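One structure is given here, and the rest of the page talks about it.
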Amino acid sequence: MTIVGKVREIWQYPVKSMFGSRVNSATLSPRGMASDRNWAVIDQEVGKITHGRKLPRLLTLKARYIRQPTGEFDETIGPLVEIEFPDGRLVSSDDPWASALLSQYLGRQVVLATRSPSSKSAHHAIKVPMLPQGTLTGMNSGKPVSGLSPHPLEKPTPVADKGTLPGAYYDMFPIHIMTTATLDRMKQVYPAGDFRVERYRPNLLIETPENASGFIENQWTGHKIRIGDSILYCDSPTIRCSIPGAEQPGMAEDPKIPQAVAEHANQFLGIYCSPENTADIQVGDEIELVPRLFPRVLNRMRSLRSAVVKKMMGSARATIARDEARKPGGPKLPRGFVPYLLNRRKTETNSIVSFFFVRKDGEALPSYIPGQHIVLALTRPDSEKLLYRPYTLSGSGARPAEFRISVQLETFELAGQSHQGTGSFLLHHSLSVGDEVHIKGPTGQFGDLPSDKHPLILACTGIGITPMMSILNTLASENPERHVSLIYGVRSLQAMAFQSELEKCRQRMSNLVLKVCVSQETESHNFASGRVTASDIVSACTENSRVLLCGTQSFVQDMRCELAAAGIEKAAISSESFIQRRAISSKGEGQSRSVEFLQSDLKTTWTPNENNLLEFAESQGMNAAFGCRYGVCQACEATLLSGDVGYPENIELPTGKNKILLCCTRPKTDLVIDL
């Protein structure tokens with residue numbers, strides 16, 4: 001036997017795709033490391049495990065055990081974990097709002113879930129079965145990956161229709177190992193690269209002898225290694241995708257890192273292994289290399305590759321054809337929309353109506369962070385195209401029986417004439433109880449965690465009361481002792497919504513202070529006269545108060561400036577503004593333009609009848625990301641490779657180089673977009 005190194009570091013990753021931590025020892029078994037990837041994030045839109053390739057923000061989160069698990073690998077073990085967000089916020093896996101908070105951060109409805117028995121494998125499945133290279137790499141584009149022959153197929157083949165092995169949350173093989181020699185070699189070929197081992201998230205970092213160089217673990221394929229009393233079979237080199245170049249805690253994004261791996265390491269870095277027995281290992285254990293066993297068996301598996309690939313390609317094509325045949329007719333909805341039914345309506349004021357929705361299939365609704373919104377896909381009576389509109393939820397976010405939105409009938413002046421907003425008009429005048437509406441969400445970054453203990457100041461004007469009502473309704477049941485001040489500005493008593501509901505909240509919340517400011521009322525009333533001012537907010541603030549603002553753009557901008565001048569820290573203020581839709585009139589936006597979507601290999605023609613680039617992309621069959629659809633959340637950000645676009649007034653432009661917001665732009669010239 002040959003000593004090839006010793007264990008320098010042992011890493012565990014409590015939650016799949018989140019950053020982990022180092023430990024001094026671990027228990028290895030044929031099913032994996034007992035403390036590794038006990039939790040994962042499930043995408044509720046598809047009911048499957050998600051990961052950092054689909055939701056890159058997962059990679060920026062840190063996870064650690066509240067109490068370190070002990071013993072062997074257990075399919076159903078779920079020791080509590082604590083998740084840290086980039087801004088320092090912490091949430092425990094047993095917090096009832098953990099999944100809602102993750103959903104808000106990731107911009108997608110997700111659930112934090114512990115491992116389930118291998119007999120329950122539905123959430124492990126993927127929509128389209130992968131070919132062997134896709135199973136091993138997480139990429140299923142059909143583009144060949146050179147040098148794939150080292151990979152044995154006895155493991156990829158039976159799980160080609162799974163994202164991870166049932167009963168486990170690692171991608172394919174139980175243990176991932178890297179050597180210091182490999183990392184040193186990458187630093188030599190790309191000196192500017194940050195090749196910390198954390199980028200690659202292995203379980204073990206092996207310190208190799210000084211005379212060892214290059215990618216030496218690749219040579220271990222087909223061998224066994226001994227670490228203490230643990231015997232591991234070296235299955236295959238680890239093929240790399242783009243994830244190591246993504247932003248991670250303490251590490252900046254660097255796309256040249258995966259490029260360097262592809263160029264200098266043939267896309268392989270590290271090695272996958274499978275433990276053959278149950279044993280403990282610890283930092284400092286020596287690594288012994290056992291000579292290769294049964295080379296004929298390994299060669300035989302390689303010879304079967306072409307036959308297996310052919311069979312799996314046929315299965316994948318059949319699945320795609322079956323899914324396409326099952327797709328219903330009618331307007332094509334972007335991914336994530338679910339059919340709901342309007343359950344009831346309630347008039348709040350002369351111009352505001354609340355709409356209550358339930359899922360058509362009867363499924364329970366998820367809890368959400370109060371302050372978030374949903375997106376409705378409304379059917380235009382005069383067009384086959386769907387109209388997408390975001391509306392803030394105004395009901396309780398805690399275990400809701402219905403999704404409630406409260407919509408003001410929008411009116412605005414354009415070219416000297418009065419107009420009504422298309423979305424609000426359809427809801428007020430065309431939507432009846434029992435009608436079907438497709439809804440996506442909840443989503444959005446605005447809101448307040450109900451379990452938070454900080455004093456809270458809510459300041460709003462007009463229809464900006466809707467997210468505040470969601471917050472108050474949630475706190476009334478979940479955290480009624482919290483110190484909260486609501487400062488609500490209205491034009492008149494007739495325009496004041498939710499009067500009886502606010503009174504109920506005040507009765508249930510012992511530390512709620514309510515101040516209503518009436519700006520244009522001539523009749524006598526018991527409320528304050530005038531507009532909401534920064535001094536109203538400052539006088540309500542105490543130590544460690546959080547301030548949430550919602551209203552017109554001018555209200556939010558003015559309050560932010562005045563609060564900053566009064567010494568309120570920027571980090572303590574969150575805001576959301578509502579925007580009236582106005583026609584975009586910049587020069588050139590009324591002409592037909594050529595638009596090329598590079599990644600989709602599609603070149604088509606934009607006409608002035610289109611609303612914005614997001615809806616235009618969706619009409620061409622693309623599932624572009626989006627959140628608010630009016631330029632606030634910036635989830636629809638895309639890269640403009642050539643051309644110029646126009647924006648409405650008062651839109652906060654993206655800060656990245658050549659970035660545009662699809663939801664509120666129109667072409668001013670011919671465009672090429674990286675989408």
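Scanning the range 376-403 for residues that are part of a strand (DSSP E or B) and open to solvent by less than 60 Å² (accessible area, probe 1.4 Å) gives 376, 377, 378, 386, 387, 388, 389, 390, 391, 392, 393, 403.
Residues checked against (1) in a strand (DSSP E or B); (2) open to solvent by 30 Å² or more (accessible area, probe 1.4 Å); (3) over 30 Å from residue 214 (Cβ atoms); (4) among the polar types (S, T, N, Q):
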| position | (1), (2), (3), (4) |
| --- | --- |
| 5 | yes, no, no, no |
| 11 | yes, no, no, no |
| 35 | no, no, yes, yes |
| 63 | yes, no, yes, no |
| 67 | no, yes, yes, no |
| 88 | no, yes, yes, no |
| 91 | yes, no, yes, no |
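Given 493, 514, 472, which one is within 25 Å of residue 346 (Cβ to Cβ), modelled with pLDDT under 95 and among the hydrophobic types (A, V, I, L, M, F, W, C)? Selected residue: 493, the only one of 493, 514, 472 that is within 25 Å of residue 346 (Cβ to Cβ), modelled with pLDDT under 95 and among the hydrophobic types (A, V, I, L, M, F, W, C). Need a quick list: strands (runs of 3 or more DSSP E) entirely within the range 224-306 having at least 2 residues that are at pLDDT 90 or above and over 18 Å from residue 202 (Cα atoms). Because the criterion is at least 2 residues that are at pLDDT 90 or above and over 18 Å from residue 202 (Cα atoms), the strands (runs of 3 or more DSSP E) in the range 224-306 that meet it are 286-290. Checked against the criterion of being at pLDDT 95 or above and of a type in the set (D, E, K, R), the candidates 452, 435 yield just one match: 435. The criterion of at least 3 residues that are touching a strand residue (DSSP E or B) at 6+ places or on another chain (Cβ under 7 Å), closer than 21 Å to residue 404 by Cα and in contact (Cβ under 8 Å) with a residue 12 or more places away in the chain is met by the following helices (runs of 4 or more DSSP H) wholly inside the range 450-554: 465-478.
Among the residues of the range 447-461, the ones that are under 29 Å from residue 359 (Cα atoms) and either touching a His at 6+ places or on another chain (Cβ under 8 Å) or open to solvent by 30 Å² or more (accessible area, probe 1.4 Å) (or both) come to 2 in all. Within the range 404-446, the set of residues being touching a Lys or Arg at 6+ places or on another chain (Cβ under 9 Å), open to solvent by less than 10 Å² (accessible area, probe 1.4 Å) and closer than 17 Å to residue 365 by Cα comprises 439 only.
Considering only residues in the range 529-538 that are farther than 9 Å from residue 487 by Cα and modelled with pLDDT of 95 or more, the one that is least open to solvent (accessible area, probe 1.4 Å) turns out to be 534. Restricted to the range 335-375, and to residues that are among the acidic types (Asp, Glu) and either closer than 21 Å to residue 96 by Cβ or open to solvent by less than 40 Å² (accessible area, probe 1.4 Å) (or both), which residue is nearest to the chain's Cα centre (by Cα)? In this case the residue turns out to be 363.
The values are calculated or read from the model by the stated rules, or taken from the named source; none is laboratory data. Only a predicted model underlies this, so the values are computations on that prediction, with no experimental measurement involved. Glycine also receives a Cβ, built like all others from the backbone with ideal geometry; neighbour counts cover every protein chain displayed. Calculation scope for accessible area: heavy atoms of the full protein, side chains included, ligands and nucleic acids excluded. Shrake-Rupley method; radii C 1.70, N 1.55, O 1.52, S 1.80 Å.
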